[in-house]
Amino acid sequence: MKRLVLLGAMVALVGLLAACGVAPVQTVKVPIPVPCDAAEPARPAMPTEALLPSVDLDRFAAAAMAEIELREGYESELRAAVRACAAPIDAAGTFRASR
């Protein structure tokens with residue numbers, strides 16, 4: 001009888017311990033901040049900043065049009081750097097290209 005009680009207790013204990021091992025695995029996705037390694041592009045010298053106050057209208061207009069082109073190029077470089085920092089990271093830890 002004692003053996004039967006001991007055997008029953010062991011079966012109950014094994015059953016309880018076995019229940020711990022069958023808990024479902026749950027994946028939790030948590031955003032982890034990572035440093036941005038994108039280099040800040042160098043700001044170009046703007047043509048209108050080098051002009052004297054007494055410059056005529058034609059030279060100022062030419063410098064302003066050239067500055068617009070420079071600013072657009074600089075802004076596209078800045079946007080590319082921001083996109084590189086905001087790109088999602090896959091499970092391997094590498095950046096995925098954004099579209």
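Conditions (1) open to solvent by 70 Å² or more (accessible area, probe 1.4 Å); (2) of a type outside the set (Ser, Thr, Tyr); (3) touching a residue at least 40 places away in the same chain (Cβ under 8 Å), marked per residue:
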position	(1), (2), (3)
Arg3	yes, yes, no
Leu6	yes, yes, no
Val14	yes, yes, no
Val25	yes, yes, no
Glu40	yes, yes, yes
Glu72	yes, yes, no
Ser76	no, no, no
(Q) Name the single residue that is surrounded by the fewest Cβ atoms within 10 Å (Cβ to Cβ) among those in segment 27-38 being of a type in the set (A, V, I, L, M, F, W, C) and either touching a strand residue (DSSP E or B) at 6+ places or on another chain (Cβ under 9 Å) or modelled with pLDDT under 80 (or both). (A) Ile32
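In the set Gly15, Gly93, which member is modelled with pLDDT under 95 and either part of a helix (DSSP H, G or I) or among the polar types (S, T, N, Q) (or both)?
Numbers: Gly93 fails: either part of a helix (DSSP H, G or I) or among the polar types (S, T, N, Q) (or both).
After ruling out the rest, the residue left standing is Gly15.
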Q) Is one or more of the residues making up segment 50-61 of a type outside the set (Gly, Ala, Ser), open to solvent by less than 100 Å² (accessible area, probe 1.4 Å), closer than 30 Å to Arg79 by Cα and not in a helix (DSSP H, G or I)? A) yes
Q) What's the number of the condition Pro44 fails, among (1) out of contact with any helix residue (DSSP H, G or I) (no Cβ under 9 Å at 6 or more places or on another chain); (2) of a type outside the set (S, T, N, Q); (3) within 28 Å of Arg83 (Cβ to Cβ)? A) (1)
Q) Would you say Met10 is over 25 Å from Arg83 (Cα atoms) and under 45 Å from the mean Cα position of the chain (by Cα)? A) no
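The values are calculated or read from the model by the stated rules, or taken from the named source; none is laboratory data. Model, not experiment: these values are computed from the prediction. Cβ: placed from backbone, ideal geometry, glycine included. Neighbour counts: every protein chain shown. Just so you know, the surface numbers come from the protein's heavy atoms only, side chains and all, with ligands and any DNA or RNA stripped out. Shrake-Rupley method; radii C 1.70, N 1.55, O 1.52, S 1.80 Å.
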